[in-house]
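The values are calculated or read from the model by the stated rules, or taken from the named source; none is laboratory data. Nothing here was measured: the structure is a model prediction, and the numbers come from that model. With ideal geometry, Cβ positions are generated from the backbone for all residues, glycine too; neighbour counts draw on all protein chains shown. The protein model used for the area step is the full one, side chains on, heavy atoms only, and it has no ligands, DNA or RNA in it. Shrake-Rupley method; radii C 1.70, N 1.55, O 1.52, S 1.80 Å.
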Amino acid sequence: MKIHHLNLGSMREIESTTGLPSAPAVCHALLIETPASGLVLVESGLGLDDITRPGELLDTEWVEQVTPALAPAETAARRLPALGYDPADVRHIVLTHLDVDHSGGLPDFPGAAVHVMAAELEAAAEQAPSRRYRPGHWAHGPRWVTYGEGGETWFGMEGARPLEGLDDLLLVPLGGHSRGHAGVAVRDGERWLLHAGDAYFYHRELEPEPVAHPLMDLVQQLAQVDAELRIANQARLRTLAHEHGVDVFSAHDPWELAQR
């Protein structure tokens with residue numbers, strides 16, 4: 001298994017609280033080359049349609065506030081050929097949730113199976129079109145693979161679901177940010193990685209004594225659907241990182257991405 005960490009969409013520049021250089025927020029995604037299941041994308045970022053038709057595909061207020069770079073070279077459809085891969089070989093896309101900056105690239109991979117929690121797909125169907133959910137991102141009719149409640153316990157986290165057709169990948173429920181938000185766990189040899197999506201926004205939130213980022217914490221609070229659950233899941237992520245050695249990272253922190 002070979003894993004690439006990619007930025008699939010730069011956004012508004014943010015300042016660090018530790019003296020690191022300011023940097024644009026990112027859409028942190030994974031490209032995984034699996035031995036048995038071809039190429040797998042974890043998150044799809046912003047897509048080519050978003051770049052060429054932002055007024056149609058994206059919420060106007062979201063664009064004004066987030067100021068995405070809208071750079072074609074940052075889309076997965078362009079990143080993959082630059083790495084020597086054919087986008088047509090992406091057979092699976094795994095999403096932490098269906099927010100605009102996580103699902104925008106879906107139309108660029110119409111043949112891929114799209115794995116997501118059932119509760120998240122239900123929320124998107126009920127609420128779209130909205131600032132959060134943009135129906136143009138799934139108007140092509142993706143081949144959805146959904147996961148309900150139940151599952152197994154993974155390092156003390158309840159409800160982890162092995163992904164259909166994919167070895168060594170799990171969806172791990174991390175509700176609070178959205179109704180069906182989940183992390184994506186990937187076993188890489190003897191270690192585990194966890195893409196925690198938007199369960200937290202800033203790396204210092206995982207410190208034993210967590211430190212929030214003023215701007216990113218405000219964004220979290222505005223977007224959350226269950227504050228108590230979101231905060232409880234952040235505590236669980238700290239346990240994963242500090243007691244179980246899981247490599248935990250989030251979707252939008254540019255300093256986390258720079259370390260990989």
The chain - percent of accessible surface contributed by carbon and sulfur, probe 1.4 Å: 50
Checking a compactness column here: for segment 149-260, what do you get for Rg(Cα) / (2.2 N^0.38 Å), N being the number of residues? 1.02
Out of the DSSP beta bridges found with both residues in segment 4-129, what percent are antiparallel (nearest 5)? 60
Sum of side-chain charges, GLY189 neighbourhood, beta-carbon under 15 Å (Lys, Arg +1; Asp, Glu -1): -3
Cα-Cα pairs of segment 90-168 separated by more than 17 Å (percent): 47
Would you check the accessible area of THR60, probe 1.4 Å, heavy atoms only, in square angstrom rounded to 10? 90
Given a 1.4 Å probe and the protein chains all in place, what does the accessible area of ILE3 round to, in Å² to the nearest 10? 40
Of the beta bridges DSSP finds with both residues in segment 142-260, what % are antiparallel, to the nearest 5? 80
With N denoting the number of residues in the chain, provide Rg(C-alpha) divided by 2.2 N^0.38 Å, to two decimal places. 0.92
With an 8 Å cut-off on Cα pairs and a minimum separation of 6 or more residues, tell me the relative contact order of the chain in percent. 17
At a temperature of 20 °C and a viscosity of 1.002 mPa s, determine how fast segment 196-260 diffuses translationally according to Stokes-Einstein, using the Kirkwood radius over alpha-carbon pairs as Rh; express D in µm²/s, rounded to the nearest whole number. 178
What translational diffusion coefficient, in µm²/s and rounded to a whole number, does the Stokes-Einstein relation yield for segment 1-89 at 25 °C and a viscosity of 0.890 mPa s, taking the hydrodynamic radius as the Kirkwood radius over Cα pairs? 172
Quickly rank 126-138, 215-227, 31-43 as a protection proxy: mean count of other C-beta atoms within 10 Å, highest first. 31-43, 126-138, 215-227
Per DSSP helix of 4 or more residues, -39500 (n - 2.57); summed, then divided by the residues of the chain. What does that give at 222 nm, rounded to the nearest 500? -7000 deg cm²/dmol
Report for the chain the percent antiparallel among DSSP-assigned beta bridges with both residues inside it, nearest 5. 65
Most packed first (mean Cβ within 10 Å per residue), the peptides 240-252, 101-113 order as 101-113, 240-252
How large is Rg over Rh for segment 42-89, taking Rg from the Cα atoms and Rh as the Kirkwood inverse mean of 1/r across Cα pairs? 1.03
Could you tell me what fraction of 2.2 N^0.38 Å the Cα radius of gyration of segment 43-177 comes to, as a two-decimal ratio? 1.08
Tell me the per residue accessible area of the chain using a 1.4 Å probe; a whole number in Å² is fine. 42
